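Working notes for the structure below.
The values are calculated or read from the model by the stated rules, or taken from the named source; none is laboratory data. These numbers were taken from a predicted model, which means no experiment stands behind them. Here Cβ is always computed from backbone atoms with ideal geometry, including for glycine, and neighbour counts include all displayed protein chains.
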Amino acid sequence: MNQAEAKAAQSAVLILDDERDMCEFVADVGSDLGFKTHWCDNFEDFACRYSIDLQGIFLDLAMPGMDGVEIIRFLGDNHSEAPLVLMSGYDSDVIDAARRLAETRGLKVAGVLHKPFMLAELSAIYKILAEVRRSPRPSAVERPKDIYRPDAQALSNALDEGHVVPYFQAKFCASTRQVKGAEVLARWIDPERGLIGPDRFIPMAEQDGLIERLTDTVIRKSLAQCRLWRRLGFAPRVALNLSPLLLRWLDLPDALLDMAREYEVPPEQIMLEITETALVGDFSASLDILTRLRMRRFGLSVDDFGTGYSSLKQLQQGPFTELKVDQSFIAKALTEEGARAIVESSIALGHRLGLKVVAEGIETEEQLELVRSLGCEEVQGYLLGRPCAAEGFTWPQPLPHQ
């Protein structure tokens, strides 16, 4: 593609609808706003015209042959960065589900248009396209040419050289905003590449047999920092994440207790966070480990609640002390009735089971007020505190020993 073609593609909008008059309607609005519009009424033509440099895509969900959900999958697999507009005559529940699916595939949904088009939809098309024009063009966004994908040997070397360190994200009282503790997050700080995100090394560590070593390193460094804070007059409560794979290790309870004693941190001030997906499968084996951890006075938290597939029976049978509402529901609780219902019911369920409830991913004052009004005890998120290295984490005042 030459420079002139690339420039034209940057302002191009592609429309897919099996109704030709709908295509022409949207295309006319796009042309009025200066876009180069293309439309097609079947997937084969759409696939031929598709480009990652498109400025926007209008998609009818009710396409014959290959429906809108399959096309969303196609766009996700091709890493489309173009804002997506969903068009459909389906009811709002179906459209909302399609929008959530698109977002989980990494797509940006710029808007929804309901069929049949009325005057309100005409106004909405103009508004959406105006927003699309103001947003950065995909080709103008810097795309990393070479994404570093570490292997097991690189992680092993990083552990040897001390490049994997704990970061701390504060947990706050929802009512007073006082720091109540901190969640420990593993971070890999490479001297040449900088920060390497956990999503690029934790799954690999689980797959390649390094998760026990990684966990041991992060926990020991975290507890060493806690010992230092305690000697300075604080009594920090920390939450440590455990991989589901570690719940198969029968010696885990005693190993963690030995580490807590070595670093002089009372186990009752350590919360062990276990993702809900860890409860899937042989729950009796996990219950063995979980019960023995509670017998050694560790706290147990169900992390990312609502995103896994555990049954309420497993939640009720496990000796848990805390439930964390997943941030994906918090993010949409103010705009989606379904997400709000999950947040409300999760908090109520946690309290009925005698658990402390923590809301993750709090980014706005409105979200904080919502969960506070629902009785959530603690919160964490970028509104109040981002993860940081130990030297950047400060306790506002000495916490009483408990």
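Please work out if Gly354 is closer than 23 Å to Arg294 by Cα, surrounded by 19 or more Cβ atoms within 10 Å (Cβ to Cβ) and free of Cβ contacts under 8 Å to residues at least 40 places away in the same chain. The answer is no for Gly354.
Just give me the residues in segment 361-375 being in a helix (DSSP H, G or I) and over 17 Å from Gln169 (Cβ atoms), in sequence order. Scanning segment 361-375 gives Glu365, Glu366, Glu369, Leu370, Arg372, Ser373. For segment 36-53, check the following and say yes or no: at least one residue is closer than 30 Å to Phe329 by Cβ, outside the structural domain of Phe329 (by TED's automatic domain parsing), buried (at least 18 other Cβ atoms within 10 Å of the Cβ) and within 28 Å of the chain's Cα centre (by Cα). The answer is no; no qualifying residue exists. Contact annotation: no residue pair with Cβ atoms under 8 Å, 6 or more positions apart or on different chains, pairs a residue in segment 93-111 that is assigned by TED's automatic domain parsing to the domain that holds Ala339 with a partner that is modelled with pLDDT of 90 or more and assigned to a loop (DSSP other than H, G, I, E, B).
Yes or no, residue by residue, for (1) closer than 27 Å to Lys356 by Cα; (2) of a type in the set (A, V, I, L, M, F, W, C):
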{"residue": "Gly181", "(1), (2)": "yes, no"}
{"residue": "Phe201", "(1), (2)": "no, yes"}
{"residue": "Lys221", "(1), (2)": "yes, no"}
{"residue": "Leu228", "(1), (2)": "no, yes"}
{"residue": "Leu245", "(1), (2)": "yes, yes"}
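Candidates Leu228, Leu290: the one that is surrounded by fewer than 17 Cβ atoms within 10 Å (Cβ to Cβ) and assigned to a helix (DSSP H, G or I) is Leu228.
Being in contact with a helix residue (DSSP H, G or I) (Cβ under 6 Å, 6 or more places away or on another chain), of a type in the set (Val, Ile, Thr), assigned by TED's automatic domain parsing to the domain that holds Val371 and surrounded by 19 or more Cβ atoms within 10 Å (Cβ to Cβ) holds for only one residue in Val184, Val179, and it is Val184.
For Glu336, indicate whether it is at pLDDT 90 or above and of a type in the set (D, E, K, R). No: the conditions fail for Glu336. Every test in (1) at pLDDT below 85; (2) surrounded by fewer than 22 Cβ atoms within 10 Å (Cβ to Cβ); (3) within 22 Å of Gly30 (Cα to Cα) is passed by Val94 save one, and that test is (3). Within segment 67-97, how many residues are in contact with a strand residue (DSSP E or B) (Cβ under 8 Å, 6 or more places away or on another chain) and within 14 Å of Phe43 (Cβ to Cβ)? Qualifying residue count, segment 67-97: 4. Does Ala341 satisfy the condition of being surrounded by fewer than 15 Cβ atoms within 10 Å (Cβ to Cβ) and in a helix (DSSP H, G or I)? For Ala341, the condition - surrounded by fewer than 15 Cβ atoms within 10 Å (Cβ to Cβ) and in a helix (DSSP H, G or I) - is met.
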